[in-house]
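The values are calculated or read from the model by the stated rules, or taken from the named source; none is laboratory data. Note that the coordinates shown come from a computational prediction; the quantities given were computed from them, not determined experimentally. Cβ atoms come from the backbone with ideal geometry, glycine included; neighbour counts cover every protein chain shown.
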Amino acid sequence: FQVEYAMEAVKRGSAVVGVRGADCVVLGVERKAVAQLQDARTIRKICKLDDHLTIAFAGFTADARVLIEKARIEAQSYRLTCEDAPSIDYMARHIAKTQQSYTQRGGVRPFGVSSMISGFNSDKSPQLYLTDPAGTYSAWKAHAIGGRNEKAVQEFLEKNWTATLAEDESIRLTIKALLEVVDSGSKNMEVVVSRCGEKVRNLTEEELEVIIADIEREQEEAKKSNQEATAMET
Amino acid sequence: MDSVFGLVGDGFAIIAADASAARSILVFKHDEDKIMELDSHKLLVSAGTPADCATFNEYIQRNLKLYELNNDVSLGTHGAAHFIRGELATALRKGPYQANLLLAGHDAQTGVALYQMDYMAALSKVNFGAHGYAAAFILSVFDRDWVKGMNVEQSLDVVRKCIHELKTRFLISQPVFIL
């Protein structure tokens with residue numbers, strides 16, 4: 001049962017959406033409204049695992065912190081012994097193995113964390129990996145975890161993902177998916193874009209505002225033309 | 001025996017290391033880069049047993065990278081120097097690393113700094129330093145010619161003098177230096 005409880009904890013976490021584009025990976029997280037006196041900058045849901053790997057998580061923040069630290073040590077240890085950067089598959093497998101080992105021992109409880117790892121293969125193709133509290137890991141083209149309505153967001157992604165998304169289209173898709181569960185506004189989300197060989201890019205609030213405004217305008221126009229179409233029919 | 005030396009100028013530091021990899025009477029290569037980049041603003045070079053130097057350098061590089069990832073900020077030169085010294089000291093009574101180091105770094109708070117450490121985990125912040133047999137020759141050149149606040153050209157002149165001194169007086173021929 002412990003694993004199910006852990007998965008429940010993930011569902012109650014804030015939403016994370018990951019989209020794999022043709023040559024980039026986009027991770028978007030919901031930034032829950034902070035209390036008045038809290039410093040919003042200290043809440044980090046997207047973290048660097050290594051120079052070329054980024055991780056975003058949903059679920060218990062404390063569990064995630066421990067898991068990410070273990071993963072970082074493993075990444076550097078791999079670099080020390082193999083003189084090479086760890087592949088994203090290796091890191092995902094390591095994190096999943098750690099999560100699984102806590103489900104089969106006495107006296108411990110599973111990590112209440114699902115994580116999405118973005119990175120690139122040695123052949124420069126983008127990868128998005130998902131791990132869950134049970135310790136399974138898998139690669140996805142697009143996925144959503146946490147948030148009020150995980151299923152709805154996942155269905156939205158399934159309907160709209162195509163294999164040839166350019167960077168800006170991937171970003172739009174991520175934000176659209178997030179907007180399904182998040183209140184509109186750039187303050188409520190954080191979007192990070194990874195491209196092979198380049199530094200990971202965090203979208204600024206201004207950039208987010210522009211894209212969100214554009215998406216909402218599009219949705220408004222779509223609604224209006226729908227209304228006109230139904231009005232004409234009657 | 002490796003020759004390694006460095007000095008501090010006006011807002012910068014220069015580190016030079018000979019580029020010969022040798023064992024007893026045989027020289028393997030003349031383009032061995034012994035200077036390791038710890039991060040964008042720190043350089044570490046070590047002299048001594050080649051295996052220990054390489055292992056220790058890589059170990060330090062990985063641990064400092066881990067610190068940077070975990071804490072979102074690079075450790076300052078002062079902090080890094082003391083961390084390295086701590087590692088040397090811990091290993092001292094188990095199986096000491098036979099590595100003598102020079103650490104040069106720049107950070108926003110204290111500017112440029114050069115630290116000299118030896119395999120016994122002695123640490124000192126210096127304006128110029130050298131390790132190995134070469135130290136006997138180079139330190140006297142530095143004593144005579146180093147002034148505070150030299151610019152790049154003047155510093156390179158002093159470095160050239162050091163290399164010339166080694167070529168003239170040092171028994172072992174080390175034709176190539178990497179800065």
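Kindly indicate which of A:Val25, A:Val34, A:Val29 is among the β-branched types (Val, Ile, Thr) and free of Cβ contacts under 8 Å to residues at least 60 places away in the same chain. Walk me through how you get there before you give the answer.
On the way: A:Val25 fails: free of Cβ contacts under 8 Å to residues at least 60 places away in the same chain; A:Val29 fails: free of Cβ contacts under 8 Å to residues at least 60 places away in the same chain.
None of the others qualify; the one that does is A:Val34.
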Matching entry among A:Asp51, A:Asp23, A:Asp63 (being over 30 Å from A:Glu180 (Cα atoms), surrounded by fewer than 22 Cβ atoms within 10 Å (Cβ to Cβ) and within 18 Å of the chain's Cα centre (by Cα)): A:Asp51
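Can you tell me which residue within the stretch B:14-33, out of those that are of a type in the set (Asp, Glu) and not in a strand (DSSP E or B), is nearest to the other protein chains (Cβ to nearest Cβ)? Step through it out loud before you land on a result.
Of all residues in the stretch B:14-33, those of a type in the set (Asp, Glu) come to B:18, B:31-33.
Imposing the further condition that a residue be not in a strand (DSSP E or B) reduces the set to B:31-33.
Numbers: B:Asp31: 19, B:Glu32: 16, B:Asp33: 14 Å.
It comes out as B:Asp33.
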Taking the stretch A:32-56 and keeping only residues that are away from chain B (no Cβ under 12 Å) and modelled with pLDDT of 90 or more, one is left with A:Ala56
Condition first: under 13 Å from A:Gly28 (Cβ atoms), in a helix (DSSP H, G or I) and in contact (Cβ under 8 Å) with a residue 40 or more places away in the chain. Now tell me which residues in the stretch A:152-202 satisfy that. A:Val153, A:Leu157, A:Ser170, A:Ile171, A:Arg172, A:Leu173, A:Thr174, A:Ile175, A:Ala177, A:Leu178, A:Val181, A:Asn188
Name every residue in the stretch B:39-79 that is surrounded by 17 or more Cβ atoms within 10 Å (Cβ to Cβ), within 14 Å of chain A (Cβ to nearest Cβ) and either more than 26 Å from B:Phe12 (Cβ to Cβ) or at pLDDT 85 or above (or both), in order of residue number. B:Phe56, B:Asn57, B:Ile60, B:Gln61, B:Arg62, B:Asn63, B:Leu64, B:Lys65, B:Leu66, B:Leu69
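Going by the conditions given, is A:Val25 within 24 Å of A:Arg172 (Cβ to Cβ) and more than 13 Å from chain B (Cβ to nearest Cβ)? Lay out the reasoning, then the answer.
On the way: within 24 Å of A:Arg172 (Cβ to Cβ): yes; more than 13 Å from chain B (Cβ to nearest Cβ): yes.
Criteria met by A:Val25.
Say whether the condition of being of a type in the set (Lys, Arg), surrounded by fewer than 16 Cβ atoms within 10 Å (Cβ to Cβ), within 28 Å of A:Leu80 (Cβ to Cβ) and away from chain A (no Cβ under 14 Å) is met by at least one residue in the stretch B:85-107.
To start, the set of residues in the stretch B:85-107 that are of a type in the set (Lys, Arg) comprises B:85, B:93-94.
Filter once more, so that each one left must be surrounded by fewer than 16 Cβ atoms within 10 Å (Cβ to Cβ): B:93-94.
Still in the running and within 28 Å of A:Leu80 (Cβ to Cβ): B:93-94.
In the following step, the residues that additionally are away from chain A (no Cβ under 14 Å) were identified as B:93-94.
Within the stretch B:85-107, one or more residues are of a type in the set (Lys, Arg), surrounded by fewer than 16 Cβ atoms within 10 Å (Cβ to Cβ), within 28 Å of A:Leu80 (Cβ to Cβ) and away from chain A (no Cβ under 14 Å).
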Quickly run through the stretch A:87-129 and pick out the residues that are more than 16 Å from A:Ser194 (Cα to Cα) and either in contact with an Asp or Glu (Cβ under 7 Å, 6 or more places away or on another chain) or hydrophobic (A, V, I, L, M, F, W, C) (or both). A:Met91, A:Ala92, A:His94, A:Ile95, A:Ala96, A:Val108, A:Phe111, A:Gly112, A:Val113, A:Ser114
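So if I check each of A:Gly107, A:Gly119, A:Gly59, A:Gly112, which one is of a type in the set (Gly, Ala, Ser), free of Cβ contacts under 8 Å to residues at least 24 places away in the same chain and away from chain B (no Cβ under 11 Å)? Steps first, answer last, please.
Numbers: A:Gly119 fails: free of Cβ contacts under 8 Å to residues at least 24 places away in the same chain; A:Gly59 fails: free of Cβ contacts under 8 Å to residues at least 24 places away in the same chain; A:Gly112 fails: free of Cβ contacts under 8 Å to residues at least 24 places away in the same chain.
Being of a type in the set (Gly, Ala, Ser), free of Cβ contacts under 8 Å to residues at least 24 places away in the same chain and away from chain B (no Cβ under 11 Å) holds for just one of A:Gly107, A:Gly119, A:Gly59, A:Gly112, which is A:Gly107.
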Taking the residues in the stretch A:66-91 that are within 10 Å of another protein chain (Cβ to nearest Cβ) and among the polar types (S, T, N, Q) as candidates, determine which candidate is nearest to the chain's Cα centre (by Cα). A:Gln76
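Within the stretch B:138-169, how many residues are of a type outside the set (A, V, I, L, M) and in contact with a helix residue (DSSP H, G or I) (Cβ under 6 Å, 6 or more places away or on another chain)?
Step one: filter the stretch B:138-169 for residues of a type outside the set (A, V, I, L, M), giving B:140, B:142-146, B:148-149, B:151, B:153-155, B:157, B:160-162, B:164-165, B:167-169.
Filter once more, so that each one left must be in contact with a helix residue (DSSP H, G or I) (Cβ under 6 Å, 6 or more places away or on another chain): B:145, B:161-162, B:165, B:169.
The total comes to 5.
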Please give the number of the condition A:Thr81 fails out of (1) closer than 24 Å to A:Arg195 by Cα; (2) in a helix (DSSP H, G or I); (3) out of contact with any helix residue (DSSP H, G or I) (no Cβ under 7 Å at 6 or more places or on another chain). (1)
